[in-house]
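Every number in this text was worked out from the coordinates using simple rules, so none of it is lab data. Treat the numbers as computed from the prediction; the structure is a model and nothing was measured. Backbone-built Cβ (ideal geometry, glycine too); neighbour counts: all protein chains shown.
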Amino acid sequence: MAGLLSERSRLIESSGIRRVFDLGASLKDPVNFSIGQPDFAVPGDVRAAAIRAIEDGQNRYTPTQGIAPLRDRIARKLREENQIWADADDVLVTSGSSGGIFLALAALLDPGDEVVIPDPYFVMYPQLVGFFGARPKFVDTYPDFVLDPDRIEDAITPQTKLIVLNSPANPTGAVVPEDRLRRIAVIAARHGIVILADEVYEKFVYDGSRHFSIGSLYPATITLNALSKSHAATGWRIGYAVGPRPILDKMKELQQYTFVCAPSFAQYGALVAFDVDTSAQVRAYQRRRDLIVDGLRRRFEVWTPGGAFYVMPRVDDRDASSFVERAIANNVLLIPGSVFSRQPTHIRISYAISEERILQGVDILTRI
C-alpha cells in the first residue's frame, strides 16, 4: 500500500522528536530533556472555566473563526501587550500555533515559492514548506544563534514569498533584538515579502528584556500565538492568528475544511487565561536556565538563551549522534541538533523539568 501514498506526503519525514519520545517510553524514569512543554499545571481558574463550559453544554462546534468573546479578548491583548492594532474580525482562533502555521502556509505558498527560515529552526517549518511545494532557504545563525538581517536579505530572491521568524526560538532559546526586527521589517517591505511571526514563547523572556512583536510595525505580518506554552495547555490545542485581512479570511476558509474550529471548551478556558498571571513560573524557568547553562559550561560550548526553555550546546566537532546515543544509554533523553538544523554538532535540551532533575542530568552529560 505504500505505493499509493501521494508524492506530497512522501516529502514529510517522521519527526526526530517523536522518535526520541517513543524511545523514552522504553526507559525507566529517565532524565527527560526532550519534552518541549511546561511542567507546571494549567492554572486553576483556567481549568475551572473549561470544566464549567463542558458542564454547561459548550461541547458543540463553534464558529470557525472562534467564539466572539474570545476574539474580542485576544484583540484587546494584542493591542495592549503587543501594540498590534486589531479588532475581533482580524483574529482567527486556531488549533494551537501549529494549526496556524499550517493554515498560513497553505494560504500563501505555491509550488516554486521560496521561504526564508533561520537555522536552527522549529521542525515543522521546512517540512510544511516542502509539503506545499515551496522551497526553504536557510539562514545560518551559528555560532551564537543571533539572527543577522543582512543574511536574511542575502537569501531573498524574486521567488521569495515569506520570511519565518520565531522569537523566542525553539530550539535555541534565542531572542531577536528589537533593532534587528526593525531592520528585517525594512528589508521585507523593500522586497514586498510577508513575515510569519511565531510568538508562542513570548512570555518566556529573561534578564529584564521584553518581547517585541514585529507585527506592531510591519502590517504584512501574520502573528501566531497560543496558550500551549504560556499556560501549559499543550493538549488543549488553542491558539490564534492575526494579520492582513485577506490572508486571515483565506485561513478561515481553509480551517472550515481542515480543523473546522478550535476545541470549544478550550476557547472558554482561554477567556480566563488572558487574565491569569504566570510570571512566577517564568521566573522559575529563568532560574533553571541559569542552573543548566552554568553546569553545561563545565564541559561544552553553550550560549545563554534569552528566552523560551531550551538550550542548544555544541557537544561534538562533527556529529552529535554518538553523544546522544551515550546519553540515552545513561538514561538521559535529549534531541540531536540535526532534527532542527543542517548542522549536526549540537543537541537540544529542554529545561522544563525540576531543578533536581536538571542537576542530575547535567552531572551525567558532563561525565559521558
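Between the range 180-241 and the range 92-119, how far is it from one alpha carbon centroid to the other, in angstrom?
Taking the Cα centre of the range 92-119 as reference, the centre of the range 180-241 is 13 Å away.
For the chain, what percent of Cα pairs sit more than 34 Å apart?
On the way: 17517 of 67528 pairs.
Summing the P(r) tail past 34 Å for the chain gives 26 percent.
Once a ≥ b ≥ c are taken as the square roots of the eigenvalues of the Cα gyration tensor of the range 186-331, is the result rounded (a/c under 1.5), prolate (a/b larger than b/c) or oblate (a/b not larger than b/c)? All intermediate terms of the calculation are to be shown ahead of the outcome.
On the way: a/c = 1.83, a/b = 1.58, b/c = 1.16.
Prolate shape, in that a/c is at least 1.5 and a/b is the bigger ratio.
Using 5 Å bins from zero, what percent of all Cα-Cα pairs in the range 178-268 falls into each bin?
Using 5 Å bins, I get a P(r) of 3, 12, 18, 21, 18, 15, 9, 4, 0 for the range 178-268.
Using 25 Å as the Cα-Cα cut-off, could you pick out the over-long pairs in LYS77/LYS252; LYS77/LYS229; LYS77/LYS250; LYS137/LYS252; LYS161/LYS203; LYS203/LYS250?
Numbers: LYS77/LYS252 21 Å; LYS77/LYS229 17 Å; LYS77/LYS250 23 Å; LYS137/LYS252 27 Å; LYS161/LYS203 29 Å; LYS203/LYS250 28 Å.
Beyond 25 Å: LYS137/LYS252; LYS161/LYS203; LYS203/LYS250.
Could you state the principal axis extents of the C-alpha atoms in the range 1-146, from the largest down, to the nearest angstrom?
Taking max minus min along each principal axis of the Cα atoms, the range 1-146 gives 46, 46, 45 Å.
Sum up the charges of everything whose Cβ sits under 9 Å from the Cβ of GLN65, counting Lys and Arg as +1 and Asp and Glu as -1, but leave GLN65 out. Provide the component values of the computation, followed by the final result.
Numbers: positive: ARG71, LYS252; negative: ASP89.
Residues close to GLN65 contribute a combined charge of +1.
Over the alpha carbons of the range 254-368, what is the largest minus smallest coordinate on each principal axis, giving the biggest first in Å?
Cα extents, longest axis first: 48, 36, 25 Å.
Using DSSP, restrict attention to beta bridges with both residues in the range 60-273 and report what percent are antiparallel, rounded to the nearest 5.
Just about 30 percent of them are antiparallel.
Kindly write out, for the range 72-85 in residue order, the coupling ³J(HN,Hα) from the Karplus curve 6.51 cos²θ - 1.76 cosθ + 1.60 (θ = phi - 60°), rounded to whole Hz, with x marking Gly and Pro.
4, 5, 5, 4, 5, 4, 4, 5, 7, 9, 10, 6, 9, 6
Over all Cα pairs of the range 60-273, how is the pair count split among 10 Å bins, expressed in % and running from 0 up to the last occupied bin?
The percentages, shortest bin first, are 9, 37, 38, 15, 1.
Of the candidates LYS77, LYS252, LYS229, which one comes out as most mobile in a Gaussian network treatment of the chain with C-alpha springs shorter than 10 Å?
Maximum among the listed residues: LYS77.
Given just the C-alpha atoms of the range 199-248, how large is their convex hull per residue in cubic angstrom? Before the final figure, lay out the partial values.
Numbers: hull volume 3.2 nm³, N = 50.
Dividing the Cα hull volume of the range 199-248 by its residue count gives 64 Å³.
Beyond 16 Å, what share of the Cα-Cα pairs of the range 68-124 remains, rounded to the nearest whole percent?
Numbers: 962 of 1596 pairs.
Taking all Cα-Cα pairs of the range 68-124, the fraction more than 16 Å apart is 60 percent.
Out of ASP249, ASP316, ASP154, any idea which swings most in a Gaussian network model of the chain, alpha carbons joined below 10 Å?
ASP154
Count the DSSP beta bridges whose two residues both fall in the chain, then state the antiparallel fraction as a percent rounded to the nearest 5. List each step's numbers first, then the result.
Working: 15 of 35 bridges.
In the chain, approximately 45 percent of DSSP beta bridges are antiparallel ones.
Summing Lys, Arg as +1 and Asp, Glu as -1, what charge do residues with Cβ under 10 Å from the Cβ of ARG342 carry, ARG342 excluded?
Numbers: positive: none; negative: ASP119, ASP140.
Result for the neighbourhood of ARG342: -2.
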